[in-house]
Amino acid sequence: MEQVKNRRVLVSGAGIAGTTLAYWLLRHGFEPTVVERAPALREGGYKIDVRGAALEVVKRMGVMAEVRRERTDVRGGSVVTATGKRVASMDGDTFGGREGEDAEILRGDLNRILYDLTKGEAEYLFDDSVVSLEEGPDGVEAVFESGGRRVFDLVVGADGLHSHTRALAFGAEERFVHDLGYYVSIYSVPNHLDLDRWELTYVSPNRTALTYSTAKDTGAKAMFLFASGPLEYDRRDPVAQKRLLAEAYAGEGWEVPRLLAAVGEAPDFYFDSLSQVRMDRWSKGRTVLAGDAAHCASPASGQGTSLALVGGYVLAGELAAADGDHEAAFAAYESAMRPFVDENQKLGPANIKHMVMRTRGQVWIQLKLLALMNRLPGKEKMMAKVLEPIHRAANAITLEEYERP
Ligand SMILES: Cc1cc2nc3c(=O)[nH]c(=O)nc-3n(C[C@H](O)[C@H](O)[C@H](O)COP(=O)(O)OP(=O)(O)OC[C@H]3O[C@@H](n4cnc5c(N)ncnc54)[C@H](O)[C@@H]3O)c2cc1C
């Protein structure tokens, strides 16, 4: 078969979207080069769900068995009061909003599975990033932080919520990143509660805290979600972020002081606003965005990873179907992905209202309702009904079988 047009593709970011894209670009005859800022693939991390159409992508990549093998196997979760009393408990799939083959896995484990599929074939450049992009008639010249300079036919920004590619091609992130009014923090903690694949959630006005252990971890994770107006801080200053977190949870009950105290030793501290990326278009000339860089739905949607998997598949597929014609491919990619993204983005603001209660009254009602539901037979069925929107959104795209003409 003839060589595909525009075959040299630079992908910025070896996350979920970037590695998925690299796999499918290779399959369709393109030559991906993936540049990743981190010195190595980012492993470990929080647990994420792969649902709906994204499962089909994973299956078409032939790694469903590995994803199942690496799943967190969290058995269930409970909601607790300030004294640690469990008011309601549910099995893991119901608690996590999963059905059928939906799988929960640590983000880093999924990333490694995807990366392993391409590591010998795609070119990976770790510990580097792009500092400038200059588009000419026949390609884009990329200058790398390490000092190199190379020309590519196309550039894909798959570099996450705070995408540098997006900033270079489209302008400052303030125009596109919309803060939902909450912050999220997550990091590893010792498993001092001896949790065995179990999750405990504590809800207080404007502040939720939770901790869980998974089959993949001897320790546990702590996660915090709190409502707040915009906070001023430097994204590269974890000390300042840890201080903001401690201030937000000052005086809080349950295990919160112990979880906060463990932050000092955490090797993987994460802190960010709960934000969505909204853009009128995802491409400009020969540059296009994928995953969170294009359309972050926020961790509250529970669908960012699935969107990144599907987006990587569709973008590479449309490039193949258009035989490398980037204008046609980028337009087709947007029209296939937009309705799917819109449905999933709606989940973020809707879900967060169930995750963080705003007043004492709301907390009281939530705990009463959960306690009541906990006593009723068929509580799993009731919960499944509540979680229906996420499954609808997760399946709101029909995946084409892409081939080059
Ligand atoms: C606490 C939390 C919980 C979550 N829970 C879920 C969930 O339950 N379900 C779900 O589906 N999603 C969940 N998500 C969201 C999910 O992690 C993301 O939506 C998903 O990882 C997006 O994939 P991505 O490839 O677009 O970006 P990322 O996975 O963020 O990857 C971006 C990559 O780009 C690299 N990078 C960044 N800047 C540069 C640069 N300048 N140059 C080169 N490389 C760069 C990064 O190092 C990273 O490797 C959660 C997120 C968080 C934070």
Only unsatisfied item for V143, checking (1) over 25 Å from D272 (Cβ atoms); (2) away from the ligand (no atom under 14 Å from the Cβ), is (2)
When restricted to L41, L55, L21, the only residue closer than 23 Å to E141 by Cβ and under 23 Å from the mean Cα position of the chain (by Cα) is L21
Has the range 7-16 got at least one residue that is within 10 Å of the ligand (Cβ to nearest atom), over 14 Å from the mean Cα position of the chain (by Cα) and at pLDDT 95 or above?
yes
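Mind checking which residues of the range 120-134 are touching a residue at least 40 places away in the same chain (Cβ under 8 Å) and in contact with a strand residue (DSSP E or B) (Cβ under 7 Å, 6 or more places away or on another chain)? Lay out the reasoning, then the answer.
Taking the range 120-134 first, the residues touching a residue at least 40 places away in the same chain (Cβ under 8 Å) are 121-130, 133.
Of everything in the range 120-134, those that are touching a residue at least 40 places away in the same chain (Cβ under 8 Å) and in contact with a strand residue (DSSP E or B) (Cβ under 7 Å, 6 or more places away or on another chain) turn out to be A122, E123, Y124, L125, F126, D128, S129, V130, L133.
Under 29 Å from D268 (Cβ atoms), over 16 Å from the mean Cα position of the chain (by Cα), away from the ligand (no atom under 11 Å from the Cβ) and not aromatic (F, W, Y): which single residue out of V80, V4, V34 fits that description?
Numbers: V4 fails: under 29 Å from D268 (Cβ atoms); V34 fails: away from the ligand (no atom under 11 Å from the Cβ).
The conditions single out V80.
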Filtering the range 40-57 down to residues that are within 12 Å of the ligand (Cβ to nearest atom), touching a helix residue (DSSP H, G or I) at 6+ places or on another chain (Cβ under 9 Å) and under 27 Å from Y187 (Cβ atoms) yields L41, R42, E43, G45, Y46, K47, I48, D49, V50, R51, A54
Exception for G160 within (1) in contact with a strand residue (DSSP E or B) (Cβ under 9 Å, 6 or more places away or on another chain); (2) outside the structural domain of E252 (by TED's automatic domain parsing); (3) not in a strand (DSSP E or B) falls at (1)
Expected output for the range 293-304 (first residue part of a loop (DSSP other than H, G, I, E, B), partner of a type in the set (S, T, Y), Cβ below 8 Å, 6+ apart or cross-chain) is C296/S275; S298/S275
Reported set for the range 269-292 where residues are of a type in the set (G, A, S), within 10 Å of the ligand (Cβ to nearest atom) and part of a strand (DSSP E or B) is none
When the range 362-388 is checked residue by residue, the ones that are crowded, with 16+ Cβ neighbours inside 10 Å and of a type outside the set (A, V, I, L, M) are Q366, K379
Residues in the range 1-27 that are closer than 23 Å to N111 by Cα, outside any strand (DSSP E or B) and out of contact with any Gly (no Cβ under 7 Å at 6 or more places or on another chain) total 8
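Residues in the range 20-38: is at least one at positive phi, crowded, with 19+ Cβ neighbours inside 10 Å and not assigned by TED's automatic domain parsing to the domain that holds P267? Break it down stepwise before answering.
Our first condition is that a residue be at positive phi; within the range 20-38, this holds for 29.
Restricting the remaining residues to those that are crowded, with 19+ Cβ neighbours inside 10 Å gives none.
Checked the range 20-38: no residue is at positive phi, crowded, with 19+ Cβ neighbours inside 10 Å and not assigned by TED's automatic domain parsing to the domain that holds P267.
In the range 358-367, is there at least one residue being part of a loop (DSSP other than H, G, I, E, B) and closer than 28 Å to G62 by Cα? Let's see the steps before the verdict.
Our first condition is that a residue be part of a loop (DSSP other than H, G, I, E, B); within the range 358-367, this holds for 358-359.
Still in the list and also closer than 28 Å to G62 by Cα: none.
No: zero hits.
The values are calculated or read from the model by the stated rules, or taken from the named source; none is laboratory data. Nothing here was measured: the structure is a model prediction, and the numbers come from that model. Quick reminder, even Gly has a Cβ in these numbers, built from the backbone with ideal geometry, and neighbours come from all protein chains shown.
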